[in-house]
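A quick write-up on the structure given underneath.
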Amino acid sequence: MNFDERRAGVLLHITSLPGPHGVGDLGPDAYHFVDWLASAGQRLWQLLPTTPIGPGNSPYQSVSAFAGSPLMVALEPLVAQGWLDADRLTGARFDAQQVDYAHVEPWRLARLREAASGFHANARAEDHDALTAWCAAHAHWLVDYTLFMALEVAHGGRPWWQWPQPVCQRVPEALAAARREHATEIAFWEFVQWCFDTQFAALRAYANGRDVMLLGDLPIFIAHHSADCWARPDLFELDAHFQPTVVAGVPPDAFTAEGQRWGNPQYRWDRMASENFAWWTARVRRALAQADGFRIDHFRGFAAYWEVPADCPTAMQGRWVPGPGAALFEALADALVTTVGSLPIIAEDLGIITPDVTALRQACGFPGMRVMQFAFGGDAGHAYLPHQFEPATVAYTGTHDNDTVQGWWHTAPPRERAFAGSYLAAGGDDIHWAMIRAVGNSVANTVVVPLQDVLGLDGAHRMNRPGSPTGNWAWRFDWAMVGAEPARVLGVITAASGRGPFALLDLPGELG
């Protein structure tokens, strides 16, 4: 896909979907949501990372840059295949509007283990052949990931640098012995990943058939406790004991006096460059095999990144270090047999953006992001006001890191609220629709709106609070919250701004 056409879409993570099993997944409600998007003239569905969650239930701190989240594997298809007993899905009770990860994760993993046993006992030969072929095609990441997960289970969840030295240091004989010892557990994780990929591909095909494209999300960094870091510690800034010497974060700003210390290990970009960025090429190829395009998180880190000494408790004492720049994206384009400007990437260029970041984004031909909630702290020249947009822009009312528009309105400083009310000719009752209409009518080629804003929900429905370690990533909606009106109004705004079928306006009589 490209970002030169006028399109509109909705931001909603898979886990936020309704469904009976505690967390949104790739099952029937995902298909119903695609139908809802199409009915509202939406041609994009933007997701958060679909990799396994990590500390704090964050999809941005995953144990793998390549694997899919086991929590997103729908259970109904496993019942339909005869691998899981339908009775095993009854009896458990879950919160319909919040994900209780401590309850949901072990319950769903137990069901997946039962399904894996059912598969290996009862599946048809062609299903076994399909799994075997899929494993062979994905061996470049799957072999390390499945062994990593098996070893994590065997060592009670301890991080990989605390495992016995032979497997921690990846001594070949120790790895071979571990693969033999944990063959059954490895087979389980292979089965889970095959189910995820099969279900995700089917959902993408259905969405594309309804003229809805899927946008993924690629975090720039990976977690220290991850299969990727364990498999290639030489590509990260680690000491002899596999501990980070420097970590990722962002410096202090108007929102965080101490900055944000994310704690991810920094890349050894020199070593990645010496391999022509092969690890990144594999990662991007995987992302494009799953979705039609993706947002790349913290794009500014490719121009220069904030490096924090690992022993610093905050991000205040870091420094800016040059990133890989255009060389990375040129290598990606060469390996993927395309041009840099044809890579379907949205550059998340929020935060402290210096001229070198803008120059890199423009040289790559990637659209940047503008978040309208940030537009009212200055004056009429603010770059995030719609009349300042340029076509190569993806415009948002807010993102997963923002409050909802309604939540923002009720907590914004009085001056910002007055400016927004004057600019949008709106108040508390319709501020969300006014913002959606404003970004929709702008020259930005792409507009994406969180579902919470389409539904006019308050701040209790926020997805994430940056810097807050708990209480995030849990929001869900149910269909009773939606009704018919939001899709109708969103469709009208989308059609009137040239982003969707004009027929959605349902105009009385003929023009002319």
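Every number here is computed from the coordinates shown, using simple stated rules; none is lab data. Here the structure is a predicted model, which is why all the values come from computation and not from measurement. Reconstructed Cβ throughout: ideal geometry from the backbone, glycine too, with neighbour counts over all protein chains shown.
Quick notes on this structure:
- Each label was represented as a point 7 Å from its Cα along the Cα-to-Cβ direction; for residue 239 and residue 174 these points are 2.0 nm apart.
- As a proxy for reagent exposure, 396, 206, 423, 384 were ordered by neighbouring Cβ count within 10 angstrom, fewest first; the result is 206, 423, 384, 396.
- Going from the residue with the fewest nearby Cβ atoms within 10 Å to the one with the most, 268, 462 rank 268, 462.
- Ranking of 224, 138 by count of other Cβ atoms within 10 Å, fewest first: 138, 224
- Here is what passes the span test in the chain: the DSSP H helices with alpha carbon length of 24 Å or more along the helix axis and a Kyte-Doolittle mean of -0.5 or above are 183-209.
- Measuring r between the beta carbons of residue 270 and residue 133 and using R0 = 30 Å, the FRET efficiency lands at 0.20.
- Extension reserve of the residue 4-residue 92 stretch, reckoned as 0.36 nm per residue once the Cα distance is removed: 27.0 nm
- Calculated FRET value between residue 441 and residue 337, using beta carbons and R₀ = 45 Å, to 0.05: 0.75
- The range 335-367 and the range 3-25: distance between their alpha carbon centers, rounded to Å: 24 Å
- Sequence ranges 56-67, 337-348, 253-264, ranked by mean other-Cβ count within 10 angstrom, highest first: 56-67, 337-348, 253-264
- Cut-off 15 Å, label 7 Å out along Cα→Cβ of residue 506, residues of the range 10-52 by amide N: 39-41
- Distance from the range 248-269 to the range 70-119 (C-alpha centre basis), Å: 37 Å
- Working from Cα pairs under 8 Å separated by at least six residues, relative contact order for the chain is 19 percent.
- Estimated purely from DSSP H runs of n ≥ 4, each contributing -39500 (n - 2.57), the mean residue ellipticity at 222 nm for the chain is -11500 deg cm²/dmol once divided by its residues.
- Of all DSSP beta bridges confined to the chain, the antiparallel ones make up roughly 35%.
- Between the range 371-405 and the range 140-186, the alpha-carbon center distance in angstrom: 46 Å
- Modelled spin-label separation between residue 289 and residue 425, with each label point placed 7 Å from Cα along the Cα-to-Cβ direction: 5.2 nm.
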